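No value in this document is a laboratory result; all are computed from the given coordinates. A quick note: this is a predicted structure, and the numbers were derived from the prediction, not measured. Counting neighbours? That spans all protein chains shown, and the Cβs are built from the backbone with ideal geometry, glycine included.
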Amino acid sequence: MQLGYGATSGTESDIRGAVVSEVAALAAVDAQGWPTPAPLSATPELPQFPVWAFPDWLAEYTACLAEVTQTPADLAGSLALAVLGVAAGGKVWVQGPAWTEPTNLFTLVVLPPGNRKSEVYKHMTAPIRAAESILVEQAKPVIAEAVIARRAAEAHAEKTEKAAASAVDADQRAAALDEATTARLALDETAVPAEPCLFSDDATVERLTSHLSEQGGRFAILSPEGEIFSIAAGRYSGAPNFAVLKSGHAGEEMRIDRMGRASERIPAATITLGICTQPGVLTRLGETPQFLEQGLLGRLLYSVPKSLLGYRDPNPEPIPAHITDAYRANVTALILSLHALSEPATVRFAPDAEVAALDLLTETEPRFRPGTGDLAHMTDWGGKYVGAVLRIAALLHLAEHFRDGWDRPISLATFQNARQIGEYFTVHAQAAYDAIGADPAVADARALLEWIERTATTQFSARDVLSSLRRFKKVADLNPGLRILESHGWIRRIPTAPKTGRGRKAGPLYETHPDTTSATR
């Protein structure tokens, strides 16, 4: 057999491949017999946002904006969904297999500084600002008329109240009181509508609630920063307050009573979030237990794209004018047409798409099973996964039929496109939960590995850990983390001698990988 550069037979190629594989395997084991440890994160290579799942006009603009700004398409793609949610939230609901979903979304993109997030936000939200300006102009005469009617009602109420107070005999007083009561009720019913406002880039929880009340239960926070999370965590109030976000995601009724302010009643609150935050902020979300305990983490659609910093083209192709014009015109038309609906509409699936939605529900359920399901450690997120796909399908449908989509069924092709986007968000959510530390076993494994590195431990028992780390209360608490470290090659169990005589059997001993600082976890 010749192992040179000349032609080789199939058998020779197979033997050469086997030799190369064996050499590589031997190289991965050090002199002490340790294999190269595997990262604790089992998250696969993250997919790019499936821009092709959008209708053509939206896909073209999203891709072109990502190219001209030299940013990941994930940023513009996620924000495009949020923009559609601004248009449809509170106006359109989607009928699922056995329930209805509102069409607002909570999207969260995680990118480090310097990735031109503000530029992308400015362009993606441009048609919202344009539509808002049109709505403001349309509302001016209505507001002016309401102001005049309110002043007239106030004057009439004040006049009738004075007349009732100055009435002399009983019959005159009774008639005056009736007239004053009628005037006061008329005044209460003469409200001055607020100027239309579709979104803000920052708001306290109290102001967000007021926006919802003023804007008919619909509002959005679109921001290249993640300030809303620190506000909700209690930056100003001193205590976490997620009630408005939880209700606003689900489209639930809200009743707010505060000292010194009029009560606010919102029959169906719908909030859309289109937020970008930095990786460090994402990690700190796990440090506020209420984010997980109260279900806020499970309501977010996460996008964790790879930054293009260091690889950007300094001279990208500009966006063709007709692509920009189509995006702005279509989004503006969608916002205005849905805003004009006097009552919320419910969009349904075509029969074959309805079957596909039921199949998705059936296929998702086993993913929650402990030990085997890939969503077992994030059931809060997984429990809302099918609903998120239904919402996305409705938004894609409305984007495709932006003038009358609420009056026709969602096709199977649109639902399948929504599934692709849903799977994208699933993989990215798994990466985000890993960064947050939402999988308790992985978080325990990281804590153990950090302790090993910090103490330069080469050999330890479970009781050694218990005496050093207050995180663990008993030996059984260690087992999930130890199993992960062992399966990933960071530790290995030392064989112990069989028990002889009476007394408690000695617990297992572990030795640590000789280099616990070189691999990425």
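Odds and ends about this structure:
- Rounded to the nearest 10 degrees, the inclination of helix 73-88 to the longest alpha-carbon principal axis of the chain is 30 degrees.
- The angle between the Cα long axis of helix 440-455 and the main principal axis of the chain comes to about 50°, on a 0 to 90 degree scale.
- Straight-distance crosslink candidates among lysines, where the alpha carbon sits under 20 Å from LYS91 and sequence neighbours closer than 8 are dropped: LYS246
- Over all directions, the projected convex hull of the C-alpha atoms in segment 339-399 averages 5.4 nm² in area.
- Based on the reciprocal of the average 1/r between different C-alpha atoms, the Kirkwood radius for segment 82-193 equals 19.2 Å.
- Per residue, the chain reaches -16500 deg cm²/dmol at 222 nm when only DSSP H runs of four or more residues are counted, each adding -39500 (n - 2.57).
- Proportion of all alpha-carbon pairs of segment 394-504 beyond 19 Å (%): 64
- Trypsin sites (Lys or Arg not before Pro) lying in DSSP loop within segment 281-338, provided at most 16 other Cβ fall within 10 Å: LYS306, ARG312
- Orientation-averaged projected area, Cα convex hull of segment 32-129 (nm²): 10.8
- Angle between the chain longest axis and helix 126-166 axis [Cα atoms, degrees, rounded to 10]: 40
- Cα principal axis extents for the chain, largest first, Å: 115, 68, 46
- Within the chain, the longest segment free of exposed loop sites, counting GluC sites (Glu not before Pro) that fall outside DSSP classes H, G, I, E and B and have at most 10 other Cβ atoms within 10 Å, spans 46-286.
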